[in-house]
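The values are calculated or read from the model by the stated rules, or taken from the named source; none is laboratory data. Bear in mind that the values here come from a model prediction, so they are computed numbers and not experimental data. All Cβ positions, glycine included, derive from the backbone under ideal geometry; neighbour counts span all protein chains shown.
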């Protein structure tokens, strides 16, 4: 992503693997921790318009998530960008987002791609069983 991908409080996301390009609003909050819009506006103002904002690779991100995930107690099998994306998708669905809304948000062309985020892992299945049984 470059500053050219940010305009008027929105971000243009050009996805890979045949997914659709989407334009999404940046989060604005009075709490600076959650205020994406103002933070990215400040960063973009300080770099050339076609320079990468986040100059790191997916491999760097994996190492970063593993290192800091370990520090905060996230189990090793859940410390990856892909697991983070699955967690966000599940959170959205659990919060009431409809599957077609999630499909559009993630830029998926096929509902089969979005369906991958409906799959649950063993931890989720066990928690759901415990909840169903009232334990």
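Which one of these is part of a helix (DSSP H, G or I) and either free of Cβ contacts under 8 Å to residues at least 60 places away in the same chain or farther than 26 Å from residue 17 by Cβ (or both): 130, 96, 73? Exactly one of 130, 96, 73 is part of a helix (DSSP H, G or I) and either free of Cβ contacts under 8 Å to residues at least 60 places away in the same chain or farther than 26 Å from residue 17 by Cβ (or both), namely 130. Residues in the stretch 44-76 that are touching a helix residue (DSSP H, G or I) at 6+ places or on another chain (Cβ under 7 Å) and exposed (fewer than 11 other Cβ atoms within 10 Å of the Cβ) were compared, and the one that is farthest from residue 8 (Cα to Cα) is 58. Examine the stretch 26-39 for a residue that is within 15 Å of the chain's Cα centre (by Cα), surrounded by 11 or more Cβ atoms within 10 Å (Cβ to Cβ) and modelled with pLDDT under 90, and state whether such a residue exists. No, the stretch 26-39 contains no residue that is within 15 Å of the chain's Cα centre (by Cα), surrounded by 11 or more Cβ atoms within 10 Å (Cβ to Cβ) and modelled with pLDDT under 90.
For (1) out of contact with any helix residue (DSSP H, G or I) (no Cβ under 6 Å at 6 or more places or on another chain); (2) closer than 20 Å to residue 2 by Cα, each residue gets a yes or a no:
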{"site": "32", "(1), (2)": "yes, no"}
{"site": "42", "(1), (2)": "yes, yes"}
{"site": "78", "(1), (2)": "yes, no"}
{"site": "86", "(1), (2)": "yes, no"}
{"site": "114", "(1), (2)": "no, no"}
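Would you check if residue 11 is assigned to a loop (DSSP other than H, G, I, E, B) and touching a helix residue (DSSP H, G or I) at 6+ places or on another chain (Cβ under 7 Å)? Judged against the criteria, residue 11 is not a match.
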